[in-house]
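These notes concern the structure reproduced below.
The values are calculated or read from the model by the stated rules, or taken from the named source; none is laboratory data. Remember, predicted model here, so these are calculated numbers, not experimental data. Here the Cβ is made from the backbone with ideal geometry for all residues, glycine too, and neighbour counts use every protein chain on show. Side chains included, ligands, DNA and RNA excluded: accessible areas come from the protein's heavy atoms. Shrake-Rupley method; radii C 1.70, N 1.55, O 1.52, S 1.80 Å.
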Amino acid sequence: MAAIRGKDTKPEMTVRKFLHRRGFRYRLHVKDLPGKPDIVIPKFRTVVFVHGCFWHRHKGCKNAVLPKTNPDFWEKKLKGNVKRDRKNLEALRNMGWRIVVVWECAMKGKNAGETEVILDRTAEWLTGKDEILVISG
Ligand SMILES: [Zn+2]
């Protein structure tokens, strides 16, 4: 269960290491952008969010199942996160930012072996023109 919410989560570190290796320059946790994106790649006007499936309520994901205790509390709390996320993405889009959302499940468990493939795709996307990339397990 995703009980720990930290800044330097493992999937985020994986993405950062990859970008670094590929020579993409980035900034971290940029406070003056909506939602304080985890990674910002100014050259490609791209922000990257690495979303924990539980905290951000990844739709249909088995990692996003609510706890059995206090489900109402969680429902309400997490609904707030989802609403905020949506608002932030919209604001970023309006500011002309391109957006990558990496769901943690894309890099965990049985998908862990696919990480390189996923990141290669991301690197390719960065140099393209599409506006939104969602990576999911
Ligand atoms: Zn997920």
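Some points to look at:
- Residue match in region 10-20 (condition: surrounded by fewer than 16 Cβ atoms within 10 Å (Cβ to Cβ) and either among the acidic types (Asp, Glu) or within 16 Å of the ligand (Cβ to nearest atom) (or both)): yes
- Any hit, region 121-133, residues being open to solvent by less than 50 Å² (accessible area, probe 1.4 Å), touching a helix residue (DSSP H, G or I) at 6+ places or on another chain (Cβ under 6 Å) and within 16 Å of the ligand (Cβ to nearest atom): yes
- Top-ranked residue in region 89-115 [being more than 16 Å from the ligand (Cβ to nearest atom) and either assigned to a loop (DSSP other than H, G, I, E, B) or without any contact (Cβ under 8 Å) to a residue 40 or more places away in the chain (or both); ranked as surrounded by the most Cβ atoms within 10 Å (Cβ to Cβ)]: TRP97
- Residue list for region 31-61, filter: open to solvent by 40 Å² or more (accessible area, probe 1.4 Å) and without any contact (Cβ under 8 Å) to a residue 24 or more places away in the chain: LYS31, ASP32, LYS36, PRO42, LYS43, LYS59, GLY60
- THR69, sole failed condition from (1) free of Cβ contacts under 8 Å to residues at least 24 places away in the same chain; (2) polar (S, T, N, Q); (3) not in a loop (DSSP other than H, G, I, E, B): (3)
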